[in-house]
Structure formats: C-alpha cells, structure tokens
Amino acid sequence: MSGTSPAPPACNGITPLQQMVASCSGAILTSLFVTPLDVVKIRLQAQKNPFPKGKCFVYCNGLMDHICVCENGNSKAWYKAPGHFHGTLDAFVKIVRHEGMKALWSGLPPTLVMAVPATVIYFTCYDQLCAALRVRMGDYAQEAPLLAGAIARVGSATVISPLELIRTKLQSQKQSYRELTDCIRSAVQTEGWLSLWRGLGPTLLRDVPFSAMYWYNYEKGKSWLCEHYNTSEPTFTITFVSGALSGSIASIVTLPFDVVKTRRQVMLGELQAKNLSCQDSSTFCVMSRIVAQDGFGGLLAGFLPRLIKVAPACAIMISSYEFGKAFFRQHNQERILGPLQTSNT
C-alpha cells in the first residue's frame, strides 16, 4: 500500500452539492427554532400598537426579513389574532391553547421559499470563495474569511432582492400572477431593470459588514477554542459558541445600519402598496430623519431584541452547517477508503 491517499472529492473533502444540502438543513433547523420567537413578538406588538391598514412591519426570523403589509387593520396568519397577552410565556401558552402548535410556525412558508435558497447560495459561495482565497492570498490567508463573507453576501442578497420585491407586491395587492407580470413589465419599461433591485442598497450596507465581521470572528474564535481544548476538529459545542459570539459582535456593530435598513424597507413597502413612487428615501435621508426625530440613540433602537434573535440564529445555523459538512466528509472518506481496506485484507 502506498503512502498517498486519494484526493478528496472537492473543497474540504466535500462536494458543492453536499455543501448545499448541509446549508439547506441548517436553514430549515434555524427557521424551525427561531420562527416561534418572532411569531410571539409580533403578537405582543400587535395588541399594544395595532398597525393600521396599508402600514408595514418587518417580520424577521433570524435568517432574513420579510415586509408584511397590513390589510383591513390586520395581516397574515402570524399577526391576525391579537389577544390579551401578559408576557412572552403567557403568549406562548395562549397561542398553543387556542390555535394549536402550528400557529407558532405560521410565518414559516415565506421563509422557506426565500431564506433557504438565499442561505444555500450564501454558505456554499462562502466556502468555495474562502478556500480559493486562502490559496491565493498567501501571507494574508487569515483575512480570507473577511473578504469571502462580504462577496458571498453581495451575491446572495443581489439574487434574492427581486424575489422580495415580487413577494411584497403579491402580499400588498390581491393580484394574479398575470397581473403581477404586467405590473413588473411596466415597472421595468418605465424605470429600467434596476427597479427590481430597489432597496438593495441599505440591505447591503447592513449585511455585507455583518457577514465580513461574522466570518472573520467565527474562524478566529473557532481556531482559538480548538487550540484551547487541544482538538484538531471543532466540536458541535465549539462551532455553536463561536457562531453565537461572532453573531453577537457583528449584530452590535452593524445595528445602526439595521435600523436604517428596516425603516427604509418599511417605507418602500408602504409606497409599493399604494403604488406611489419612491422619493427622498435614500439611506442618507432616512438616517438624517432618524437622528432629527430621535437623536443618535435612534440609530441603536432594538438593541436587545436584535441581539437575542441573531445570536441563537447564528449559533444554530453555523453549528448545523458544520455538523452536516462533517457528516458528508466522513461519508466520503469511508467511501474512498473502503475499497482500499477491502483489497488489503
């Protein structure tokens, strides 16, 4: 038997298809765990400050945001039944008692339709880019996650942005797919193809720095914990803790961009619902308006809810993804080494 072993099937011993499956399973698990938290939050907000018809709010389950347009003073399933809740635990109990367990996941379908493909593109692109950049950056290979995370986020956000616009139009107006197609064709003719990516700017302002910091801190934290615990391969606990900490740091630093992005997203959603053109809604204008109305503290609104949501979402997503990759890596090694071991016996 020679001292060499067969080359792995792809980057890190797994194929791009296996990376996609691992990221897909991670996205589904994250949605299943985090969606009930936002369902309860939306219900609690609804009973305190009911949204009038035509207004928007942002539904976010830790993976991505969805613009929700209120209809007749109400909205979709996760918002439609404002009850008399006295707190988070009370809301959980009453929702389950009166509406069943399924109600806690009533915001899941739009997430699975959009967040899962976006996550698959994002994580697969990151892994492929990071591996390629590590080889090419030489002495600066440690900075590869920073650049790979930023580029991967730009790609996934750009691909998904038109789908978010289309979904918002479908929700805000009772349209058939034919009417929607005519509406989109008319918008493209009058405003050009770039109209399909309206609102992409503030999304990138928040998500690209977040992704760059997240991946850089995650890789650094994972390496440090592996050294600390004297292990060559990161365990589930190491990836979970690294994901939670890096997600927390990135969410705190990018919070002002998140506030601006949410305000502008809601503004664009309401304008689209009323078929009005978007005027004076640039990122700088929105930021100036927030500072004028609420002071600089307004740019840090929602600090605790964002942290509570993002940290577990990042931890669940990355640990599930790493577990899936480790499973496929072991499977590939067993498949490759199996015939060799059999021939030597």
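Rule-based calculations on the coordinates, nothing more; no lab input. The shown structure was predicted, so the numbers you read here are calculated from the model rather than taken from an experiment. Neighbour counts run over all protein chains shown; Cβ positions are idealised from the backbone, glycine included.
Structural remarks
- Using a cut-off of 25 Å between Cα atoms, the listed pairs Lys102/Lys222; Lys222/Lys325; Lys222/Lys261; Lys94/Lys309 include Lys102/Lys222; Lys222/Lys261 as exceeding that distance.
- The modelled label-to-label distance between Trp193 and Cys285, using points 7 Å beyond Cα along the C-beta direction, is 2.6 nm.
- Modelled spin-label separation between Val159 and Arg134, with each label point placed 7 Å from Cα along the Cα-to-Cβ direction: 2.2 nm.
- Computed from the C-beta positions of His98 and Ala301 and an R0 of 25 Å, the FRET efficiency is 0.20 to the nearest 0.05.
- Treating r as the C-beta distance of Gln330 and Glu227 and R0 as 25 Å, the FRET efficiency rounds to 0.65.
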